[in-house]
Amino acid sequence: MSKDSEKYLLEILFDRNQIKPADLEKLINKRFPHEGWKVKNHLDHPLLSITSSLEDVDACHHKLEKFLREKNDLHFVRLTDEAGDEIRRRAYPLLSSMEQKLRRFIHKAMLEIFGFDWSNHPILKTIELSLAPTDDKEKVKLHFLERIYFDDLVKIIETEGSVWPKEKTLSVNDIEELLSSSNSFEQVKAKLEEKIKKISLWDDVFMKYFRDKEHWGKIKKSLEFVIKKRHNVMHHRPINLGVLKELEERENELKTLLSSAKTELTQQERIEAQKYFTDLQVIMSHVNEQIEESRMRLQHNLQLAAEISAQPLENVRKAFKQNPETLETKDT
């Protein structure tokens, strides 16, 4: 059977408590008199169906959806959508191609600056990413890049982060950390600015491969469209034939963008990026050490507080006049 002669079935079931089969048939024939819709009973519920070419079923489906939006009080469910299945089947290779192109580019850029184990760099901990779960019993582990969901690939390229987000609520430990390692207000201010300094993989990695951010901005809009339509394809949601043409255009745009990227950075660009992130890694490691030291001090102080609370009131009064760091409990 040739492609042009293939027929596709669309079946939509309605709630019998809202509309009877005869009433639905009158409604459809009045609104779409020449499109070949049929109405029959399915377990006493009205079942609307049409069988035709891909283009005709898609066009009828689109018009019916618009009509049903106007009649938004009607409850219905698509039982069969062969045209939609065919559109999703054709869309999947386009989506897969774009996803793999983006994954390869991200890996190439991160590999050049951070090395093969780039996924272990602390900067990635500043970005909230959704990762596919792994099974500890698997003999071959998935790489970090393979576990990132498509939606978050864009996030890696352009999300800005910081060691301390600006909306972070400072705890006593945080304040203690700043004060204990500073000798003046200027030092406290400098350390705080260091912690909230923006970290941007776009500015310091990916932009080095492109002419300008405006070019990427256009592609980002395309990818947002792709992500939305990807959900329709992967989760069996309604989709129309026009999406295929739009996905083809987006795939060509992404291909053009990535083709225009540098094949590799100059030695100077690589050295500058590596130095920046090496310095950043040292800073973040130092922050983690300070957090651990603060945690240990807090734990020690809490232990001392518990010991103090068990002493007579007079000893407690004396204890408050001493440094909790050097306080020793005394026998009563």
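The values are calculated or read from the model by the stated rules, or taken from the named source; none is laboratory data. Keep in mind it's a predicted model, so treat the numbers as computed, not measured. Glycine gets a Cβ as well: all are built from the backbone with ideal geometry, and neighbour counts include every protein chain shown.
Being surrounded by 14 or more Cβ atoms within 10 Å (Cβ to Cβ) and among the hydroxyl-bearing types (Ser, Thr, Tyr) is the requirement here; does Ser5 meet it? Give the derivation first.
Details: surrounded by 14 or more Cβ atoms within 10 Å (Cβ to Cβ): no; among the hydroxyl-bearing types (Ser, Thr, Tyr): yes.
Taking the combined requirement at face value, the residue does not satisfy it.
Select from the range 165-175 the residues that are part of a loop (DSSP other than H, G, I, E, B) and of a type in the set (S, T, N, Q) and write down the one among them that is modelled with the highest pLDDT. Walk me through how you get there before you give the answer.
At the first step, the residues of the range 165-175 found to be part of a loop (DSSP other than H, G, I, E, B) are 165-171.
Still in the list and also of a type in the set (S, T, N, Q): 169, 171.
Working: Thr169: 66, Ser171: 70.
Looking at residues that are part of a loop (DSSP other than H, G, I, E, B) and of a type in the set (S, T, N, Q), I get Ser171.
I need the full set of residues from the range 10-51 which are among the β-branched types (Val, Ile, Thr), touching a residue at least 24 places away in the same chain (Cβ under 8 Å) and in contact with a Pro (Cβ under 7 Å, 6 or more places away or on another chain), in order please. Before the answer, list the steps.
Of all residues in the range 10-51, those among the β-branched types (Val, Ile, Thr) come to 12, 19, 28, 39, 50-51.
Subsequent filtering for residues that are touching a residue at least 24 places away in the same chain (Cβ under 8 Å) retains 12, 19, 50-51.
Listed by number, the list holds a single entry, Ile19.
Would you be able to tell me the number of residues in the range 220-255 that are buried (at least 18 other Cβ atoms within 10 Å of the Cβ) and either among the charged types (D, E, K, R) or not in a helix (DSSP H, G or I) (or both)?
6
Out of the range 116-131, which residues are touching a His at 6+ places or on another chain (Cβ under 9 Å) and surrounded by fewer than 17 Cβ atoms within 10 Å (Cβ to Cβ)?
Step one: of the range 116-131, the residues touching a His at 6+ places or on another chain (Cβ under 9 Å) are 118-119.
Residue satisfying the conditions is Ser119 alone.
Among the listed residues Glu253, Glu264, Glu248, Glu269, identify the single one that is closer than 19 Å to Lys101 by Cβ and modelled with pLDDT under 85.
On the way: Glu253 fails: modelled with pLDDT under 85; Glu248 fails: modelled with pLDDT under 85; Glu269 fails: closer than 19 Å to Lys101 by Cβ.
Matching residue, one of Glu253, Glu264, Glu248, Glu269: Glu264.
Would you pick out the residues in the range 21-56 that are in contact with a Gly (Cβ under 7 Å, 6 or more places away or on another chain) and within 14 Å of Leu79 (Cβ to Cβ)? If you could, list the steps in order and put the result at the bottom.
Of the range 21-56, the ones in contact with a Gly (Cβ under 7 Å, 6 or more places away or on another chain) are 50, 52.
The one that is in contact with a Gly (Cβ under 7 Å, 6 or more places away or on another chain) and within 14 Å of Leu79 (Cβ to Cβ): Ile50.
Which ones in the range 28-47 are surrounded by 15 or more Cβ atoms within 10 Å (Cβ to Cβ) and either at positive phi or over 43 Å from the mean Cα position of the chain (by Cα) (or both)?
Going through the range 28-47, the residues surrounded by 15 or more Cβ atoms within 10 Å (Cβ to Cβ) turn out to be 28, 32, 35, 37, 39, 42, 45-47.
If the condition is that a residue be surrounded by 15 or more Cβ atoms within 10 Å (Cβ to Cβ) and either at positive phi or over 43 Å from the mean Cα position of the chain (by Cα) (or both), then no residue fits.
With a cut-off of at least 1 residues that are under 30 Å from Glu6 (Cβ atoms) and modelled with pLDDT of 85 or more, name the helices (runs of 4 or more DSSP H) lying wholly within the range 64-164. Steps first, answer last, please.
Numbers: elements: 82-114, 144-147, 150-158.
By residue number, 82-114.
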